[in-house]
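The values are calculated or read from the model by the stated rules, or taken from the named source; none is laboratory data. Because the structure is predicted, anything quoted here is derived from the model rather than measured. Note: ideal-geometry Cβ built from the backbone for every residue, glycine included; neighbour counts use all protein chains shown. Accessible surface areas use protein heavy atoms only, side chains included; no ligands, DNA or RNA. Shrake-Rupley method; radii C 1.70, N 1.55, O 1.52, S 1.80 Å.
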Amino acid sequence: MASQSMEIMAKALEQQVLQSARMVEEQLDKELGKLERMDDDEMEKLKERRMEALKKSQKQKQEWLSKGHGEYKEIPSEKDFFPEVKESNRVVCHFYRDSTFRCKILDKHLGILAKKHLETKFIKLNVDKAPFLTERLRIKVIPTLALVKDGKTKDYVVGFTDLGNTDEFSTEVLEWRLGCSDVINYSGNLMEPPTLTQKSGSKFAKVEKKTIRGRGHDSDSGSEDD
């Protein structure tokens, strides 16, 4: 009886696979059919549109690189923060302290993401050189990432709470968290973190977007992690 049920399930699965394959094949046939029906003028226009899109993409990339995107760099002082965030639409700023070990963990991941996500500027600032800005943004826990869009701080990643409460979170988890705040172009599933590479004991806190004004409600929620 059990073997008969398994056989039925196997046949059903086979039918599903075949059906999916047929759908993909039909879609490809439609696309090929469209190309075959195009005359020379239509093909030329298609090539021109693709070339224009490529040129636009390359121009945007060069513009980002000219503004310091593509690398993870330290800014000298808090007065440099405002020009940096003003010239780029999306910025991730790591507020760190040399003596805090977890800041070095973030450095490693941010360096990787800076190269991958050219659309976003990645910078770091020593809190000991930025007392005014640290107070203004109500930063109490080190490390903290300030996520800036269009010149305004829209969200924060405070410590490692949103990253599974572990020092061994993956770069992909941090990438997902930044994607939740729309500070990078994230192509994965925002509904759940990529936990497959995490230890089974890792836990993820619910991600809630904050503003500078909203931070006032939880500014006393932690002390500096030295």
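Tabulated values for the structure
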| read-out | value |
| --- | --- |
| Those helices (runs of 4 or more DSSP H) lying entirely in region 15-127 with at least 2 residues open to solvent by 90 Å² or more (accessible area, probe 1.4 Å) | 40-66, 101-116 |
| Residue that is modelled with the lowest pLDDT, among those in region 141-162 that are assigned to a loop (DSSP other than H, G, I, E, B) and open to solvent by 20 Å² or more (accessible area, probe 1.4 Å) | Gly151 |
| Pairs with Cβ under 6 Å, 6+ apart, first in region 167-180 and farther than 21 Å from Phe101 by Cα and among the charged types (D, E, K, R), second modelled with pLDDT under 95 and part of a loop (DSSP other than H, G, I, E, B) | none |
| Within region 92-107, considering residues that are among the basic types (Lys, Arg) and touching a residue at least 24 places away in the same chain (Cβ under 8 Å), the one nearest to Gly179 (Cα to Cα) | Arg102 |
| Subset of region 163-180 (residues that are more than 8 Å from the chain's Cα centre (by Cα) and open to solvent by less than 80 Å² (accessible area, probe 1.4 Å)) | Leu163, Gly164, Thr166, Asp167, Phe169, Ser170, Thr171, Val173 |
| Criterion violated by Val183 - all others in (1) farther than 27 Å from Trp64 by Cβ; (2) buried (at least 22 other Cβ atoms within 10 Å of the Cβ) satisfied | (1) |
